[in-house]
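K.L.:
Please see the structure below; I have some questions.
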Amino acid sequence: MTKQLERILQEIQTTADLIRDEDAVQLVNGILEAKKIFVAGAGRSGFMAKSFAMRMMHVGLDPYVVGETITPNVEEGDLFIVGSGSGETKSLVAMAEKAKSIGASVAAITIVPNSSIGRLADIVIEIPAQTKADTSNKSIQPMGSLFEQILLLFYDSLILEIMEKRGMDSGNMYGRHANLE
């Protein structure tokens, strides 16, 4: 079991090293400049988006998860962040098209920058992992696991950058943590 974990960690490190810092900086700036931030993803990528929205709320931003009952309308000046390995999930493509048509900025975090969502996006973060349909076995892990793991870690790295820009530490975040648990 430890051997498998070590191989997974090596894959994560190798993939993380290939993410372009300048793209991440562009996304952090887009987040900080946006009126509201919307996140979406399908399946496990959607879970990663929800965890990112939670942390953005903890640092005092105004994030929303698309599809939740309290999510407001997208407007010009907002940012829509889509995590999609393939960049072709039909529901996410439709959302990105709609957000773009309204005047919101779109950020794509994807394996395939030239995908439908990638081509719509103002900001593209390429995560060079294996798509769930990829049979070339770039990863020892099944389906899109490597992408989803990197997605969570990448989102957490964005939070750290935002915290640094705002002069925050973890102590500043506890005041916004859920207290009806």
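The values are calculated or read from the model by the stated rules, or taken from the named source; none is laboratory data. Just so we're clear, the structure is a prediction, and the values are computed from it rather than from any experiment. Don't worry about glycine lacking a Cβ; one is built from the backbone with ideal geometry, like all the others, and counts go over all protein chains shown.
K.L.:
Filter the range 14-46 for residues that are more than 20 Å from MET163 (Cβ to Cβ) and in a loop (DSSP other than H, G, I, E, B) and give the result.
P.N.:
Answer for the range 14-46, where residues must be more than 20 Å from MET163 (Cβ to Cβ) and in a loop (DSSP other than H, G, I, E, B): ASP17, LEU18, ARG20, LYS35, ALA42, GLY43.
K.L.:
Pick out the one residue from LEU32, LEU27 that is at pLDDT 95 or above, surrounded by fewer than 17 Cβ atoms within 10 Å (Cβ to Cβ) and within 17 Å of ASP156 (Cβ to Cβ).
P.N.:
On the way: LEU27 fails: surrounded by fewer than 17 Cβ atoms within 10 Å (Cβ to Cβ).
Being at pLDDT 95 or above, surrounded by fewer than 17 Cβ atoms within 10 Å (Cβ to Cβ) and within 17 Å of ASP156 (Cβ to Cβ) holds for just one of LEU32, LEU27, which is LEU32.
K.L.:
Is there any pair with a first residue in the range 108-131 that is under 24 Å from GLN13 (Cα atoms) and free of Cβ contacts under 8 Å to residues at least 24 places away in the same chain and a second that is assigned to a loop (DSSP other than H, G, I, E, B) and not small (Gly, Ala, Ser) whose Cβ atoms are under 9 Å apart and which are 6 or more apart or on different chains, and what are they?
P.N.:
That search, which allows pairs on different chains as well, returns GLN130/ILE111; GLN130/ASN137; GLN130/LYS138; GLN130/GLN141; GLN130/MET143.
K.L.:
Could you check the range 135-179 and list, in sequence order, the residues that are among the polar types (S, T, N, Q), modelled with pLDDT under 75 and either surrounded by 10 or more Cβ atoms within 10 Å (Cβ to Cβ) or in a helix (DSSP H, G or I) (or both)? Before the answer, list the steps.
P.N.:
Within the range 135-179, the subset among the polar types (S, T, N, Q) is 135-137, 139, 141, 145, 149, 157, 170, 172, 179.
Then keep just the ones that are modelled with pLDDT under 75; that gives 135-137, 172, 179.
Once the filter is applied, which keeps residues that are among the polar types (S, T, N, Q), modelled with pLDDT under 75 and either surrounded by 10 or more Cβ atoms within 10 Å (Cβ to Cβ) or in a helix (DSSP H, G or I) (or both), the range 135-179 yields only ASN172.
K.L.:
Another question, if that's okay. Filter the range 88-103 down to residues that are in contact with a helix residue (DSSP H, G or I) (Cβ under 9 Å, 6 or more places away or on another chain) and assigned to a loop (DSSP other than H, G, I, E, B), then give me how many there are.
P.N.:
2
K.L.:
Now for a separate question. Which members of the range 3-13 meet the condition of being at pLDDT 90 or above and within 17 Å of ILE111 (Cα to Cα)?
P.N.:
GLN13
K.L.:
Got at least one residue in the range 93-113 being surrounded by fewer than 16 Cβ atoms within 10 Å (Cβ to Cβ), more than 17 Å from the chain's Cα centre (by Cα), over 15 Å from VAL28 (Cα atoms) and of a type in the set (S, T, N, Q)?
P.N.:
Taking every residue of the range 93-113 in turn, at least one turns out to be surrounded by fewer than 16 Cβ atoms within 10 Å (Cβ to Cβ), more than 17 Å from the chain's Cα centre (by Cα), over 15 Å from VAL28 (Cα atoms) and of a type in the set (S, T, N, Q).
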